[in-house]
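Quick notes on the structure that follows.
The values are calculated or read from the model by the stated rules, or taken from the named source; none is laboratory data. Nothing here was measured: the structure is a model prediction, and the numbers come from that model. Methodologically, a virtual Cβ is constructed for each residue, glycine included, from the backbone with ideal geometry; neighbour enumeration extends over all protein chains shown. SASA here: full protein model, heavy atoms, side chains in, ligands and nucleic acids out. Shrake-Rupley method; radii C 1.70, N 1.55, O 1.52, S 1.80 Å.
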Amino acid sequence: MARQIPSWAAVTGLTAAALAAVTVLALQAGGAAPQTAATGRPAAGPSPSASAAGAPAAPRPPAVPADSGNGKRVVYSLGRDRAWLVDEAGKVLGTFPVWPGTEDPAPGGHAVTGRLPETTGSDGVPVEHVVYFALSGTTTIAFSAAVDNSSPKPAPGQRLGAIRLRTADGKQLWDFATTGTRIHVVR
(Lines give C-alpha, C1' and ligand atoms only; values in the text may rest on other atoms or scores of the structure.)
Protein backbone atom coordinates (compact mmCIF):
# COMPACT_ATOMS: atom_id res chain seq x y z
CA MET A 1 0.00 0.00 0.00
CA ALA A 2 1.42 3.40 -1.04
CA ARG A 3 1.88 5.92 1.69
CA GLN A 4 0.34 9.36 1.09
CA ILE A 5 2.41 12.48 1.67
CA PRO A 6 0.60 15.15 3.69
CA SER A 7 -0.15 18.31 1.62
CA TRP A 8 1.96 20.51 3.90
CA ALA A 9 4.98 18.31 3.21
CA ALA A 10 4.46 18.60 -0.55
CA VAL A 11 4.25 22.39 -0.33
CA THR A 12 7.39 22.48 1.83
CA GLY A 13 9.24 20.29 -0.68
CA LEU A 14 8.16 22.43 -3.63
CA THR A 15 9.18 25.61 -1.79
CA ALA A 16 12.61 24.16 -1.01
CA ALA A 17 13.06 23.14 -4.65
CA ALA A 18 12.07 26.61 -5.83
CA LEU A 19 14.54 28.26 -3.42
CA ALA A 20 17.29 25.95 -4.62
CA ALA A 21 16.50 26.85 -8.25
CA VAL A 22 16.57 30.59 -7.47
CA THR A 23 19.92 30.18 -5.67
CA VAL A 24 21.41 28.34 -8.67
CA LEU A 25 20.16 31.06 -11.03
CA ALA A 26 21.59 33.77 -8.76
CA LEU A 27 24.97 32.04 -8.72
CA GLN A 28 24.92 31.71 -12.50
CA ALA A 29 24.12 35.42 -12.78
CA GLY A 30 27.36 36.19 -10.94
CA GLY A 31 26.25 36.83 -7.39
CA ALA A 32 25.78 34.47 -4.51
CA ALA A 33 22.49 34.87 -2.70
CA PRO A 34 23.21 35.80 0.92
CA GLN A 35 21.59 33.51 3.47
CA THR A 36 20.30 34.20 6.92
CA ALA A 37 21.98 32.32 9.74
CA ALA A 38 18.69 31.36 11.37
CA THR A 39 16.95 29.70 8.41
CA GLY A 40 19.70 29.04 5.88
CA ARG A 41 17.35 30.51 3.28
CA PRO A 42 18.30 33.35 0.97
CA ALA A 43 17.96 36.67 2.72
CA ALA A 44 16.07 39.56 1.23
CA GLY A 45 18.55 41.84 -0.45
CA PRO A 46 18.55 45.01 -2.45
CA SER A 47 16.58 45.09 -5.64
CA PRO A 48 18.50 44.24 -8.81
CA SER A 49 20.61 47.00 -10.30
CA ALA A 50 19.58 48.74 -13.49
CA SER A 51 22.16 46.79 -15.46
CA ALA A 52 20.85 43.49 -14.09
CA ALA A 53 17.35 44.49 -15.17
CA GLY A 54 18.55 45.08 -18.73
CA ALA A 55 19.00 48.86 -18.60
CA PRO A 56 22.44 50.22 -19.47
CA ALA A 57 24.82 50.67 -16.55
CA ALA A 58 25.77 54.19 -15.51
CA PRO A 59 28.84 55.42 -17.42
CA ARG A 60 32.14 55.25 -15.58
CA PRO A 61 33.59 58.61 -14.62
CA PRO A 62 36.49 59.76 -16.80
CA ALA A 63 39.93 58.66 -15.68
CA VAL A 64 42.40 61.14 -14.24
CA PRO A 65 44.48 62.56 -17.12
CA ALA A 66 47.96 61.14 -17.60
CA ASP A 67 50.89 63.27 -16.45
CA SER A 68 48.76 65.05 -13.86
CA GLY A 69 51.15 64.69 -10.96
CA ASN A 70 51.03 62.30 -8.05
CA GLY A 71 50.03 62.30 -4.40
CA LYS A 72 47.17 64.31 -2.95
CA ARG A 73 46.00 66.90 -5.47
CA VAL A 74 43.19 68.49 -7.43
CA VAL A 75 43.54 67.90 -11.15
CA TYR A 76 41.89 70.47 -13.43
CA SER A 77 41.63 69.78 -17.17
CA LEU A 78 41.27 72.87 -19.34
CA GLY A 79 40.19 70.86 -22.39
CA ARG A 80 37.69 68.65 -20.59
CA ASP A 81 36.27 71.29 -18.22
CA ARG A 82 36.52 68.78 -15.38
CA ALA A 83 38.20 68.45 -11.98
CA TRP A 84 39.31 65.37 -10.02
CA LEU A 85 40.10 65.04 -6.32
CA VAL A 86 42.91 62.52 -5.90
CA ASP A 87 44.11 61.22 -2.53
CA GLU A 88 47.69 60.43 -1.43
CA ALA A 89 47.43 56.85 -2.78
CA GLY A 90 46.19 57.98 -6.21
CA LYS A 91 42.54 57.04 -5.61
CA VAL A 92 39.94 59.36 -7.14
CA LEU A 93 37.66 60.62 -4.38
CA GLY A 94 35.50 62.69 -6.70
CA THR A 95 35.25 64.10 -10.20
CA PHE A 96 32.86 66.63 -11.63
CA PRO A 97 32.31 69.04 -14.51
CA VAL A 98 33.29 72.70 -14.10
CA TRP A 99 32.40 75.89 -15.96
CA PRO A 100 35.47 78.06 -16.54
CA GLY A 101 35.57 81.84 -16.66
CA THR A 102 37.29 83.78 -19.44
CA GLU A 103 40.82 83.47 -18.00
CA ASP A 104 42.59 80.12 -17.65
CA PRO A 105 45.35 79.22 -15.20
CA ALA A 106 48.68 78.22 -16.72
CA PRO A 107 49.14 74.46 -17.13
CA GLY A 108 51.35 72.88 -14.48
CA GLY A 109 51.56 72.83 -10.72
CA HIS A 110 49.90 75.35 -8.41
CA ALA A 111 48.84 75.32 -4.77
CA VAL A 112 45.82 76.59 -2.86
CA THR A 113 46.82 80.07 -1.68
CA GLY A 114 43.64 81.11 0.08
CA ARG A 115 40.01 80.28 0.74
CA LEU A 116 36.81 82.19 1.46
CA PRO A 117 33.64 80.54 2.74
CA GLU A 118 31.47 83.05 0.85
CA THR A 119 31.71 86.29 -1.11
CA THR A 120 30.37 87.95 -4.24
CA GLY A 121 32.15 86.99 -7.45
CA SER A 122 33.59 89.64 -9.80
CA ASP A 123 30.57 88.94 -12.00
CA GLY A 124 28.21 89.97 -9.18
CA VAL A 125 27.06 86.41 -8.39
CA PRO A 126 27.00 85.35 -4.70
CA VAL A 127 29.42 82.41 -4.36
CA GLU A 128 30.62 80.03 -1.65
CA HIS A 129 33.52 77.65 -1.06
CA VAL A 130 36.02 79.81 -2.93
CA VAL A 131 39.43 78.13 -3.37
CA TYR A 132 42.13 80.45 -4.81
CA PHE A 133 45.15 78.91 -6.54
CA ALA A 134 46.55 80.94 -9.47
CA LEU A 135 46.87 84.26 -11.29
CA SER A 136 46.47 85.00 -14.99
CA GLY A 137 48.01 88.44 -15.38
CA THR A 138 46.11 90.42 -12.76
CA THR A 139 43.11 88.06 -12.72
CA THR A 140 42.80 85.74 -9.72
CA ILE A 141 41.84 82.15 -10.56
CA ALA A 142 39.63 80.22 -8.12
CA PHE A 143 37.14 77.40 -7.89
CA SER A 144 33.77 78.50 -6.50
CA ALA A 145 30.12 77.49 -6.40
CA ALA A 146 27.27 79.90 -7.09
CA VAL A 147 24.96 79.95 -4.06
CA ASP A 148 21.96 79.50 -6.39
CA ASN A 149 23.74 76.56 -8.12
CA SER A 150 23.78 78.42 -11.46
CA SER A 151 26.58 78.26 -13.99
CA PRO A 152 26.11 81.36 -16.13
CA LYS A 153 28.26 81.98 -19.17
CA PRO A 154 30.69 84.85 -18.52
CA ALA A 155 29.79 88.12 -20.17
CA PRO A 156 31.90 88.89 -23.25
CA GLY A 157 34.75 91.30 -22.60
CA GLN A 158 35.02 90.52 -18.88
CA ARG A 159 38.17 89.02 -17.40
CA LEU A 160 36.86 86.38 -15.03
CA GLY A 161 38.96 83.73 -13.29
CA ALA A 162 36.05 81.94 -11.63
CA ILE A 163 35.89 78.21 -12.29
CA ARG A 164 32.35 77.38 -11.22
CA LEU A 165 31.15 74.08 -9.80
CA ARG A 166 27.77 72.78 -8.70
CA THR A 167 27.10 73.56 -5.05
CA ALA A 168 27.64 69.98 -3.78
CA ASP A 169 30.84 69.64 -5.84
CA GLY A 170 32.08 72.99 -4.51
CA LYS A 171 31.58 71.74 -0.94
CA GLN A 172 33.48 68.52 -1.71
CA LEU A 173 36.38 70.47 -3.26
CA TRP A 174 36.34 72.92 -0.30
CA ASP A 175 36.61 70.07 2.21
CA PHE A 176 39.45 68.46 0.24
CA ALA A 177 41.55 71.43 -0.91
CA THR A 178 42.87 73.15 2.19
CA THR A 179 45.54 75.85 1.97
CA GLY A 180 48.70 74.41 0.42
CA THR A 181 46.93 71.53 -1.39
CA ARG A 182 48.42 71.03 -4.85
CA ILE A 183 46.37 71.89 -7.94
CA HIS A 184 47.66 70.38 -11.18
CA VAL A 185 46.34 72.01 -14.37
CA VAL A 186 46.49 70.01 -17.61
CA ARG A 187 45.44 70.92 -21.14
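Scanning the stretch 42-77 for residues that are out of contact with any Leu (no Cβ under 7 Å at 6 or more places or on another chain), modelled with pLDDT of 60 or more, open to solvent by less than 80 Å² (accessible area, probe 1.4 Å) and of a type outside the set (Ser, Thr, Tyr) yields Gly54, Ala55, Ala57, Pro62, Ala63, Val64, Pro65, Gly69, Gly71, Lys72, Arg73, Val75. Residues in the stretch 62-111 that are under 18 Å from Phe143 (Cα atoms) and charged (D, E, K, R): Lys72, Arg73, Arg80, Asp81, Arg82, Glu103, Asp104. Of all the listed residues (Thr140, Thr167), the sole one being under 24 Å from Arg73 (Cβ atoms), β-branched (Val, Ile, Thr) and touching a Phe, Trp or Tyr at 6+ places or on another chain (Cβ under 7 Å) is Thr140.
Any chance the stretch 84-93 includes a residue that's more than 21 Å from Arg159 (Cβ to Cβ), β-branched (Val, Ile, Thr) and either under 17 Å from the mean Cα position of the chain (by Cα) or at pLDDT below 95 (or both)? Checked the stretch 84-93: at least one residue is more than 21 Å from Arg159 (Cβ to Cβ), β-branched (Val, Ile, Thr) and either under 17 Å from the mean Cα position of the chain (by Cα) or at pLDDT below 95 (or both). Selection of first residues in the stretch 61-73 that are in contact (Cβ under 8 Å) with a residue 24 or more places away in the chain and of second residues that are open to solvent by 40 Å² or more (accessible area, probe 1.4 Å) and among the basic types (Lys, Arg), restricted to Cβ pairs under 8 Å at least 6 apart or on distinct chains, gives the following pairs, ordered by first then second residue: Pro62/Arg80; Pro62/Arg82; Pro65/Arg80; Gly69/Arg182; Gly71/Arg182; Lys72/Arg182; Arg73/Arg182.
Among the residues making up the stretch 151-187, those that are closer than 19 Å to Pro117 by Cβ and without any contact (Cβ under 8 Å) to a residue 40 or more places away in the chain are Thr167, Ala168, Asp175.
Listed conditions (1) part of a loop (DSSP other than H, G, I, E, B); (2) exposed (fewer than 14 other Cβ atoms within 10 Å of the Cβ) are all met by Ala168, apart from (1). Considering each of Ile141, Ile163 in turn, give the residue that is under 24 Å from Pro61 (Cα atoms), open to solvent by less than 60 Å² (accessible area, probe 1.4 Å) and not hydroxyl-bearing (Ser, Thr, Tyr). When all the criteria are applied, what remains is Ile163. Within the stretch 85-96, residues that are among the polar types (S, T, N, Q) have Cβ atoms under 6 Å from residues that are open to solvent by 80 Å² or more (accessible area, probe 1.4 Å) in these pairs: Thr95/Pro61, counting only partners at least 6 apart in sequence or on another chain. When we screen Thr102, Thr119 for residues that are among the β-branched types (Val, Ile, Thr) and in a strand (DSSP E or B), the only hit is Thr119.
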